[in-house]
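Participant: One structure follows; several queries about it will come next.
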């Protein structure tokens, strides 16, 4: 069987000790954030990305080996396991290849082949096989088949006997692993995905209009295009076909299976092979190819979602400052919630600045009163309905205030989901959903990470076809992303919510609840070691979690850093050696930097850990996130109708997709910067140019109010105006006059020699 650790070391370009030690840590229950941060010496400084890839591949290969063993046992029980077959199975590295090998031996329901065998036609099939050789003596199939006519078996005619033999041979061909692999690869390499909009959907009546007569190579289609096709198909709007040159496939099968020059036998085989492909191979292999491409598209889409979510979660916090949070509205008014510097809810008022002048004046006075009462430093304004109008009103109020709070438009995506969630109800059982929504808007300005972990990532608005991809894989990857971000930033032990604590390394939901209960009963934590008094939080959980939990103004200055308690002794020894106290971390770091770290390297603490400790001592309690920045929307530009081609506006990137980036410019409708408009040079990956939350300056290229589309550009004007086609959500491939022609036209059908050479190379 496969030596998994050695194989992974070779595949992932890792040293054997890195793989073995990382796998040992996984087996011990260590989390990936913990291993990446605090076990660098054991893993040779493997990154989180490397560790997650190793974990995923180890899981895949382990499952593969278990499946191999099960298959070998099954075939052995049938008495059909040969040495060659065993070798082929043990050498498999892909699950689909393994299942291809197992297919002839897999228990199955009655088929046409099994029925033919029940009628005693297997000897006839074997006889025909003997005639399929270059030097076989000519014999009549009709005469031989006549011997199998029997009322007892139900074979009434020669034709029925030959048909049964054909069914047996067709199943053998269709279940040949080599053939299935070849055809699958051929479909992937040369197939065409073609879509049509069904006749009951007239032109211009559906969002899938660009797929009305769409064609694209299977191997070239972009993930978002493929997912759009499948969604349209699922909704009953599109028909989607995989077109290809069946003649090339049949030529291949004939070249591999037909060995005789006997015309009668050749004609029999030609008909049998056509039946084998069309009845037993075609649909299943097309399904496999479609599934394989769907899996690829899912992975790419999820990667985009992961990247966007990471940027959103790691967005710079405005800081722990008293905040007014406003959930805008016209008819029902604006819900205003006051929060203290820790996000604690203080008070709410409803104001009506968009009604009469009198009510606007009253609303202004209410804001001023709240700002003075709570010494407000931040104002968070939701960017939904009435958002821009409320923003302008707030700025009017601030105009005559000397010490002005910072007013920021906040993306409120997901706030409504949170406000009606069990989490929000538990936090604020006596408050209206709109008040809860306002609180969420304010808190996400103070600290986006702490607030957004309470919301299902799929509701935050940074995904791409997130409801169409593999939901199990999506949840796994998004949970990993949230876990990574939470542990990267660290968590304030005395203010963190249960939801935030749950993502800390080593902390389960039950332990998080117990931490909150302990905190409520005994007051704020003063020392990390107090965590060991929390029920169910044992030494192992403490080891995994402690380094990621921060205590401000605690008894030990190191508790407000990422230095792990297991390293406190080393830091204390260094401080004593250099004649500094732990309160003098900055001076200690400077001295340590000047004399070098090698002096303090031990078997237990290596240079990588010492480097991390030094970085923490230099800036204790630092937040690793970027400096807070916000966009200022242009005054007077509140609706799409206010936009004009050529306008230069400031905006915020709200989502990044494979085909470009969406930007909020303050008109209630995000504009699209197509990938062709992201830079003056060619851009293959939009994520290399922009990221979610980034403040950008864009130029308006086109406004289509009917379709609610805004085309924007980040290119310089000197780069020249581009065509409207370049700013479409996706680019259309060139069409041919006929779908059948297109199946053949992209490339000349490969010769048999080409295909065989490619297949042998793959093998």
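None of the figures in this text is laboratory data; all of them are computed from the coordinates on show. None of these values were measured; they are calculated from a predicted model. Backbone-built Cβ (ideal geometry, glycine too); neighbour counts: all protein chains shown.
Participant: Could you run the Debye sum over the Cα atoms of the stretch 170-246, one equal point scatterer each and no solvent, and tell me log10 of I(q)/I(0) at q = 0.16 Å⁻¹, two decimals?
Facilitator: Debye intensities relative to I(0), on a log10 scale: -0.65.
Participant: Based on alpha-carbon positions alone, could you give the equivalent ellipsoid semi-axes of the stretch 585-670 from the gyration tensor, as √(5λ), descending, whole Å?
Facilitator: 51, 15, 9
Participant: Oh, and also: Given the peptides 327-338, 548-559, arrange them by the average over their residues of other C-beta atoms within 10 Å, most packed first.
Facilitator: 327-338, 548-559
Participant: At 0.36 nm per residue, and after removing the present C-alpha to C-alpha distance, how many nm does the segment from residue 622 to residue 369 gain when stretched out fully?
Facilitator: Stretched out fully, the residue 622 to residue 369 stretch lengthens by 87.7 nm.
Participant: Using helices alone, I'd like the mean residue ellipticity at 222 nm for the chain: each DSSP H run of four-plus residues gives -39500 (n - 2.57), total over residue count, nearest 500. Walk me through the numbers on the way to the answer.
Facilitator: Numbers: 31 runs with 356 residues, N = 763.
It lands at -14500 deg cm²/dmol.
Participant: Based on the Cβ-Cβ distance from residue 697 to residue 217, what FRET efficiency comes out when R0 is 41 Å, to the nearest 0.05?
Facilitator: 0.65
Participant: Could you sort 623-633, 593-603 so that the peptide with the highest average Cβ count within 10 Å comes first and the rest follow in order?
Facilitator: Numbers: 623-633: 14.8, 593-603: 11.5.
Top of the packing list down: 623-633, 593-603.
Participant: Per residue and in cubic angstrom, what volume does the convex hull of the Cα atoms of the chain have?
Facilitator: Numbers: hull volume 183.5 nm³, N = 763.
Convex hull volume per residue, Cα atoms: 241 Å³.
Participant: Then there is this: Using alpha-carbon pairs under 8 Å, 6+ residues apart, how would you state the relative contact order of the stretch 637-705 in percent?
Facilitator: Dividing the mean separation by the residue count of the stretch 637-705 yields 41 percent.
Participant: Pop the C-beta distance of residue 706 and residue 316 into the FRET formula with R0 = 51 Å and round what comes out to the nearest 0.05.
Facilitator: Values: r = 37 Å, r/R0 = 0.73.
Result of the calculation: an efficiency of 0.85.
Participant: Further question: Counting just the Cα atoms, what span does the stretch 323-446 cover along each of its three principal axes? Round to the nearest Å and put the largest first.
Facilitator: The principal-axis extents, from largest down, are 40, 30, 24 Å.
Participant: Quick one: what Rg and Dmax do you get for the stretch 556-604 from the alpha carbons, in Å?
Facilitator: Reported Rg and Dmax, both Å: 10.5, 27.
Participant: Can you compute the FRET efficiency between residue 358 and residue 401 using 1/(1 + (r/R0)^6), with r the Cβ-Cβ distance and R0 = 22 Å? Round to the nearest 0.05.
Facilitator: Given R0 = 22 Å and the Cβ-Cβ separation, E is 0.55.
Participant: Follow-up. Between residue 1 and residue 147, what length comes free when the chain is fully extended (0.36 nm per residue of separation minus the Cα-Cα distance, one decimal in nm)?
Facilitator: Additional length available on full extension: 47.8 nm.
Participant: List the residues of the stretch 694-708 whose backbone N lies under 18 Å from a point placed 7 Å from the Cα of residue 210 along the Cα-to-Cβ direction.
Facilitator: In the stretch 694-708, the label zone of residue 210 (backbone N under 18 Å from the point 7 Å along Cα→Cβ) covers 701-708.
Participant: Another question about this same structure. Please report the relative contact order for the stretch 4-105, taking Cα pairs under 8 Å with a sequence separation of at least 6, and give it as a percent rounded to a whole number.
Facilitator: After rounding, I find 21 percent.
Participant: Full extension from residue 522 to residue 87: what is 0.36 nm times the residue separation minus their Cα-Cα distance, to one decimal in nm?
Facilitator: 150.2 nm
Participant: How large is Rg/Rh for the stretch 12-56, to two decimals, with Cα atoms and a Kirkwood Rh?
Facilitator: On the way: Rg = 8.9 Å, Rh = 10.0 Å.
In the stretch 12-56, Rg relative to Rh is 0.89.
Participant: Using a basic spin-label model with each label point 7 Å from the Cα along Cα→Cβ, how many nm lie between residue 685 and residue 110?
Facilitator: 5.5 nm
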